[in-house]
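The values are calculated or read from the model by the stated rules, or taken from the named source; none is laboratory data. Values in this document were obtained by computation on a predicted structure and should not be read as measured data. As a convention, Cβ positions derive from the backbone with ideal geometry for all residues, glycine included, and neighbour counts pool all protein chains shown.
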Amino acid sequence: MAEQRRPQRPASKGSSPARSGKPAPRGGKPAPRGGKPAERGGKPAARGGKPAERGGKPAGKRPARQSDWRRPADKQAARTAERAVYDGPDLPEDITGRELDRAVAAQLKGLPEKLAARVARHLAAAGMLIDEDPETAYQHALAARARAPRLAVVREATGEAAYAAGHYAEALAELRAAKRMNGATAYLPIMADCQRALGKPQEALKLAKSPSVVNFAPEAKAEMTIVEAGARRDLGQLDAALRTLELAPLTSKSRAPWVVRLRYAYADTLEAAGREQDALAWFHRTHAIDSEQLTDADERADALERKIG
């Protein structure tokens, strides 16, 4: 809030009318030296200025009113927006915060109890809504960040929710902050995909070549491979994109989601490269292990069959 203005110091009172001045008319008071006659029963004039106010209030500039102390309208609007972010969306009563993974909850223990409970509830709500309502999940994550911005787990959750909601610049900033705090590299695939979404495929490729990627778990490594191939496609390098995917475990016997996504990316790139028969085969191989229907591989296969005839 803008600092309240203090009233000016009282102006000095003027001196009494000079007794040595001209004789006053009978029944009147002597006139002040060089001035107008003082009114009957009036108070002496303030030195060099306006008459002092009755009741002894200082002459001069009036004290600032309470309304003068309010911040400018633009700053009031900013404060209102900040408060809305801090409050966040309404929290369902059935979300207690105990839904969080123990490892996440453990990182909140350094906060005061009530604050930790509130942050935990917002993080839990964000996690529950991130698939069905990513924008609201992002708002919950922002409310948690407003209360605990120095916790890496909070910044990570905010970055993931921003990514899901399509706020790629914000996601990149939050995940960078989390990485600075805890040194974790698990965020690199999402950060690289944010760079692609922001129209910076070269930056995505730099992240894909990070030394830490070699030690990624299979799922994270597959995600980075998909992003890297996508960046190559963004640059018009279809052959390089195919080579990138062919170095991945496309023929893995696992039916894990990362294998499904890897095969789908390969089939899609084959079709983009004009290799329709090969693409059809890989769409079928993708659909064969996609029990959770993570992709539309079956529809893509049907469309290609009709096209090829």
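Surrounded by fewer than 21 Cβ atoms within 10 Å (Cβ to Cβ), modelled with pLDDT of 95 or more and either touching a strand residue (DSSP E or B) at 6+ places or on another chain (Cβ under 6 Å) or closer than 17 Å to PRO189 by Cα (or both): is that true of ALA301 in this structure? In short, no. Checked against the criterion of being within 12 Å of the chain's Cα centre (by Cα) and within 30 Å of ALA229 (Cα to Cα), the candidates GLY166, GLY199, GLY159 yield just one match: GLY159. Please state which one of ALA222, ALA162 is in contact (Cβ under 8 Å) with a residue 40 or more places away in the chain, surrounded by 23 or more Cβ atoms within 10 Å (Cβ to Cβ) and not polar (S, T, N, Q). Result of the check over ALA222, ALA162: ALA222.
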